[in-house]
Amino acid sequence: MRLGVLASGSRGNALVIEHEGCMVFFDAGLSGKKHTERLLAAGFGGLFPEALFISHEHSDHIKGAGVLARKWNIPVYGSSGTLGASRRSLGKLPDTGILENGTGVDFRSFTVSAFSIAHDATDPSGYVIEWDSGKLGIATDLGKSSPLVEASLKGCSALILEFNHDEDMLWNGSYPWHLKQRIASTTGHLSNSMASDLLGAVYHRDLKVCVLAHLSQENNSPHLAENASREVAGGTVRIHTGMQDTPLPAMDL
């Protein structure tokens, strides 16, 4: 299994996985052209996605989804609530697949399962991808963890976790009060300390990779997020930080 983090942040998010020649997208918050450019830059040239999964309807996750689905003639998967709330933004799609939270779909040599997360969207989803030798968990855009989130991420060999903000930077920063409240709410975004608590709750000795995702450019820094994660994971987990303007090179999981 290979993972590509094409973009991660409040201006656009896009992930891609590939296993045995089958590639799928998770979220598509960039322009169609940028998705193609970053696929090549990340090392996924010559491959074409076979499906697109969307986590929720916010524009930084679906801005390019309709364009990509039509360009590659691929289905878009999500919960019925997410697909319904996204309908106007996505436009006419080649096909859709309902993947309610708590269910999964087999996809050639791997399985994609969805689980419910707490965010200010209609019916948002985290995802777990399982293949013959590993398990990848994706949990971004959530204001709090929960027993369900922890249970879903237990046993993962790789994780993509939201480390959105440093609490001091958020409360002392320039954002208007209503936005600070929204970010810090239980349906907003995880702080570094909350994310490290979640990482600690699901950490085990076979966890190999953790990607820190959706960092705020104003209210966080890679240094702070990485320090928070390493307090829990130590030196046994490869820590990578997803960036807004530069894709991470394809990594083997």
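The values are calculated or read from the model by the stated rules, or taken from the named source; none is laboratory data. This is a predicted model, so every value here is computed, not measured. When we count neighbours, we look across all protein chains shown, and the Cβ atoms used for this are built from the backbone with ideal geometry, even at glycine.
A few notes on this one:
- Search result, residues across the stretch 134-159 that are in contact (Cβ under 8 Å) with a residue 60 or more places away in the chain and more than 19 Å from GLU57 (Cα to Cα): GLY134, LEU136, GLY137, SER157, ALA158
- For the stretch 19-46, the candidate set comprises residues that are in contact (Cβ under 8 Å) with a residue 40 or more places away in the chain and part of a strand (DSSP E or B); within that set, the residue that is surrounded by the most Cβ atoms within 10 Å (Cβ to Cβ) is ALA28.
- Residue check for VAL211: among the hydrophobic types (A, V, I, L, M, F, W, C) and in contact with a Gly (Cβ under 6 Å, 6 or more places away or on another chain): yes
- With a requirement of 3 or more residues that are more than 22 Å from ALA114 (Cβ to Cβ) and modelled with pLDDT of 95 or more, the helices (runs of 4 or more DSSP H) lying completely within the stretch 146-253 that satisfy it span 167-172, 177-184, 192-202, 222-233.
- Sole exception among (1) touching an Asp or Glu at 6+ places or on another chain (Cβ under 9 Å); (2) part of a strand (DSSP E or B) for ARG11, by number: (2)
- Residue among ILE98, ILE138 that alone is surrounded by fewer than 18 Cβ atoms within 10 Å (Cβ to Cβ), in contact with a Ser or Thr (Cβ under 9 Å, 6 or more places away or on another chain), aliphatic (A, V, I, L, M) and under 27 Å from VAL67 (Cβ atoms): ILE98
Yes or no, residue by residue, for (1) closer than 22 Å to GLN244 by Cβ; (2) surrounded by fewer than 21 Cβ atoms within 10 Å (Cβ to Cβ); (3) of a type in the set (A, V, I, L, M, F, W, C):
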{"position": "CYS156", "(1), (2), (3)": "no, no, yes"}
{"position": "ASN164", "(1), (2), (3)": "yes, no, no"}
{"position": "GLU167", "(1), (2), (3)": "yes, yes, no"}
{"position": "TYR175", "(1), (2), (3)": "yes, yes, no"}
{"position": "GLN181", "(1), (2), (3)": "no, yes, no"}
{"position": "GLY188", "(1), (2), (3)": "yes, no, no"}
{"position": "GLY200", "(1), (2), (3)": "no, yes, no"}
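- Filtering the stretch 102-131 to residues that are modelled with pLDDT under 95 and in a loop (DSSP other than H, G, I, E, B) leaves ARG108, SER109.
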